[in-house]
C-alpha cells in the first residue's frame, strides 16, 4: 500500500509539473517504471482522492490545476515550515482533531505533528462546548508541541496561537481580525476562530501541548445553527469570496511556527505586544462570566502571564485567569 500511495503521489507531481497540457500513459509508465495498466489504476485512485483529471485516448491525462482538493498531498506541497505540519495525519471525517492528536502525542508523535480533518463529528470548544464542523468548507487542525517550559506558562501558548491565527486571517481578509481573550478571533465582532489548548504534564515539566484550531473559512450563513448565526461568521461571509483552504493552512502553520520559535527564544513579551495590537476591547467595559460569578470592569489588557487585567469600579485591577468575556 505504501508503494502504491507513493506512485499515485508521483503521478500527481508529474502532472502538476508537466510543461505540456497532457501527459501520455506511455510517458508516465516509462517515468515510473510501471505498466500502462498500473498507471490507469492509479489514475482511478487519484480521481477518487478528489483530483479532476481529464483523460484523452489520443493525448493522455491532464490535471485541472484550478480545482485541487484539500488533502495531505496538497497541504504538504510547498509547505515552508521546518517542523509544523511536516508530518500530517489527514482524515475526511474524525471525532475530534484534538482527541486524535492527544492519542498520537501520548504514543510519541514528534513536535509539529499535525492532525487535519475535513469534518468533525465531535468538534470541541472550550468548557466542553461543541464546535460545528461541516465538511468541505473550514479548517480543523491540531498541532502537537513539546515546549521546554514550566507547565504554569502553558496558557501563554494559547495567546501565541491567537497571534498566529490573527496574523493569518489578516493576510487573507480585507477586514481586520481582533482577538477576544483568551482564545477567540473575531471579525466585525463575530467569532471566526476558536482555539482549544490541552496539555499533558507532570509537576515540573510538560509532556506535550495540543493546540487545536478551528477556522470558519468558506462556511456560509445558512450552514450555521440558528443560535450561532448572529454571533459567528466566516472569512467568505465577511469578504465575499472563496478562500483556498490549502493556502490558508500552509500560511497558518508557517505563522504558528514563526511565533512559537520567537516565544521560545525571546519569551512572552513580543507575543504580548502583538496580541495587544489585535485586542480591540482594551478601554471598554466588559463582563467576565466565571463559574456562576460575574466580574465587571474596564478591560486593561493582559499581564506577563497572559491573564486578563480588569479595572473594577473601586479602581482595583483584578487579574482574571479564566472566564468568558462579553462587551
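Laboratory data are not the source of any read-out in this text; all were calculated from the coordinates shown. The shown structure was predicted, so the numbers you read here are calculated from the model rather than taken from an experiment. Cβ: placed from backbone, ideal geometry, glycine included. Neighbour counts: every protein chain shown.
For the chain, the longest principal axis of the C-alpha atoms and the axis of helix 245-266 are separated by about 50°. Classify region 285-326: rounded, prolate or oblate, from the alpha-carbon gyration tensor (a ≥ b ≥ c, eigenvalue square roots; a/c under 1.5 rounded; otherwise prolate if a/b is larger than b/c)? Taking the square roots of the gyration eigenvalues as a ≥ b ≥ c, region 285-326 is oblate. Distance between the pseudo-spin-label points of residue 317 and residue 16 (7 Å out from Cα toward the beta carbon): 5.0 nm. Between residue 106 and residue 228, the FRET efficiency estimated from the beta carbon spacing at R0 = 41 angstrom works out to 0.80.
Under 10 Å, Cα contacts only: if you run a Gaussian network model on the chain, which one of 256, 59, 310 comes out with the highest mean-square fluctuation? Maximum among the listed residues: 59. Each part gets one Cα centre, and for region 1-62 versus region 183-197 those centres are 41 Å apart. Take the Cα of residue 55, step 7 Å toward its Cβ, do the same at residue 121, and the gap between the two points is 3.3 nm.
In terms of the Cα gyration tensor, with a ≥ b ≥ c the square roots of its eigenvalues, is region 222-327 rounded because a/c is under 1.5, prolate because a/b exceeds b/c, or oblate? Verdict is oblate for region 222-327. When you restrict to C-alpha pairs under 8 Å that are six or more residues apart and normalise by the size of the chain, the relative contact order lands at 13 percent.
Order the peptides 13-19, 34-40, 288-294 from the highest to the lowest mean number of other Cβ atoms within 10 Å of their residues.
Order by mean packing, descending: 34-40, 13-19, 288-294.
Could you work out how much longer the chain between residue 205 and residue 324 gets when fully extended? Use 0.36 nm per residue separation minus the Cα distance between them, nm to one decimal. That pair, residue 205 and residue 324, stretches by 40.0 nm at full extension. For the chain, the longest principal axis of the alpha carbon atoms and the long axis of helix 97-106 meet at an angle near 90°. What shape does region 156-274 take by its C-alpha gyration tensor, where a ≥ b ≥ c are the square roots of the eigenvalues and a/c under 1.5 counts as rounded, a/b above b/c as prolate, and the rest as oblate? The shape class here is prolate. Of the Cα atoms belonging to region 32-183, the radius of gyration and Dmax stand at 19.3, 65 Å.
Full extension of the segment from residue 287 to residue 31, taken as 0.36 nm per residue of separation minus the current Cα-Cα distance, would add 85.7 nm.
Every helix of 4 or more DSSP H residues in the chain counts as -39500 (n - 2.57), and over all residues that averages to -10000 deg cm²/dmol at 222 nm. Calculated from the structure at hand, P(r) over Cα pairs in 10 Å bins from 0, in percent is found among (1) 6, 28, 39, 23, 4, 0; (2) 5, 24, 30, 22, 11, 5, 2, 0, 0; (3) 5, 16, 22, 23, 16, 10, 5, 2, 1, 0, 0 as (2). Our compactness index for region 2-63, the C-alpha radius of gyration over the empirical 2.2 N^0.38 Å, is 0.98. Extension gain, residue 135 to residue 65: 0.36 nm times the residue separation minus the Cα-Cα distance gives 23.1 nm.
Label-to-label distance for residue 273 and residue 47 is 5.6 nm, based on points extended 7 Å past Cα in the beta-carbon direction.
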